[in-house]
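Bear in mind these aren't lab numbers, they're just calculated from the coordinates by the rules spelled out. Since we're looking at a predicted model, the values are computed, not measured. Don't worry about glycine lacking a Cβ; one is built from the backbone with ideal geometry, like all the others, and counts go over all protein chains shown.
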Amino acid sequence: MCRMIAFSSSDPQPVGPYLDQLARLSREGILVERWQRHPGGNHPDGWGIAIVPPAGGVPRVVRSGKAACTDPALHALDPDTAARFIGHIRFASNLSTVCEANSHPFSVAGIVLGHNGTFKGRIGAEGDARGVSDSLVFLEKLAACWPAGRTFEGLADALKHLLSDELLVGDYSAANFLLAEGGRLFAFRKSRRDHDYYALFLRERAVDVVVASEPLDGADDWRRLEQGELLELTLPAPHCAVVELPF
């Protein structure tokens with residue numbers, strides 16, 4: 001259970017305000033009412049960021065197992081700008097998993113992914129057996145079935161293949177993710193319960209596109225993504241498709 005932010009901009013912009021937002025969401029981001037709060041904020045169980053080079057290439061990934069709202073390392077990062085960015089904070093269902101290694105985003109075969117939700121089925125069982133996040137196992141499966149060339153259409157097909165296999169993903173809560181690959185950013189929303197929590201919101205402006213788990217301000221230009229909506233965060237407008245899933 002997590003909060004996430006991504007942006008794609010026509011020109012590099014400071015990442016500091018987005019780090020501030022991660023700290024704020026760590027402290028006070030929304031939760032499902034029945035969930036027991038952890039000491040140290042609403043999402044205190046680790047944070048991570050990925051800064052994507054403007055021309056593509058390997059993103060700079062930084063992760064921590066500490067709360068973003070209190071970890072001095074978050075704001076000790078070198079002042080930086082980015083044209084594409086992913087930020088992620090955790091609320092762990094199992095506190096024994098709280099560590100830097102289990103913080104998102106994860107990186108496999110040139111793909112960087114931050115996920116909000118919990119997979120069950122064979123993915124969840126493999127994660128438990130290996131002592132790793134189910135999100136990492138999902139990313140490994142996705143990397144293996146996203147065809148060479150890694151097109152938008154190929155990603156949509158790979159998601160349909162994976163998320164239609166109930167034995168593989170089980171009764172998962174949500175498959176919401178932010179993903180970077182080759183200088184591109186993607187966002188996907190598919191929630192199966194607690195839809196107000198497992199949401200993603202889009203804000204499009206002339207110079208940037210932002211996706212976040214909840215609106216970052218009180219402006220009225222945030223749009224909730226539809227179920228199954230896949231976006232490539234391109235300017236001047238995101239490339240969009242809806243992935244039809246059987247459940």
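Tabulated results
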| item | result |
| --- | --- |
| Top positive-direction residue, dipole computed over the chain with Cβ charges, set V207, V242, Y172 | Y172 |
| Restraint check, K120/K141; K66/K190; K120/K190, Cα-Cα greater than 18 Å | K66/K190 |
| Cβ-based net charge around P105, under 12 Å, with every Lys or Arg adding one and every Asp or Glu removing one | +2 |
| Gyration tensor verdict on the range 190-247 (Cα atoms; rounded if a/c is under 1.5, prolate if a/b is larger than b/c, oblate otherwise) | oblate |
| Global geometry of the range 27-162, whether rounded, prolate or oblate, following the gyration tensor of its Cα atoms and the 1.5 cut on a/c | oblate |
| Segment T234-V108, extension gain: residue separation times 0.36 nm, minus the distance between their alpha carbons | 43.1 nm |
| Segments 98-105, 85-92 sorted - mean Cβ within 10 Å per residue, highest first | 85-92, 98-105 |
| Model label zone, R224; criterion: amide N under 14 Å from point 7 Å along Cα-to-beta-carbon; scope the range 191-212 | 191-202 |
| For F201, net neighbour charge (Lys/Arg +1, Asp/Glu -1) across residues whose Cβ lies under 12 Å away | -3 |
| Among [x] 16.5, 46; [y] 17.3, 53; [z] 18.9, 61, the entry that matches Rg and Dmax of the Cα atoms in Å as calculated here | [x] |
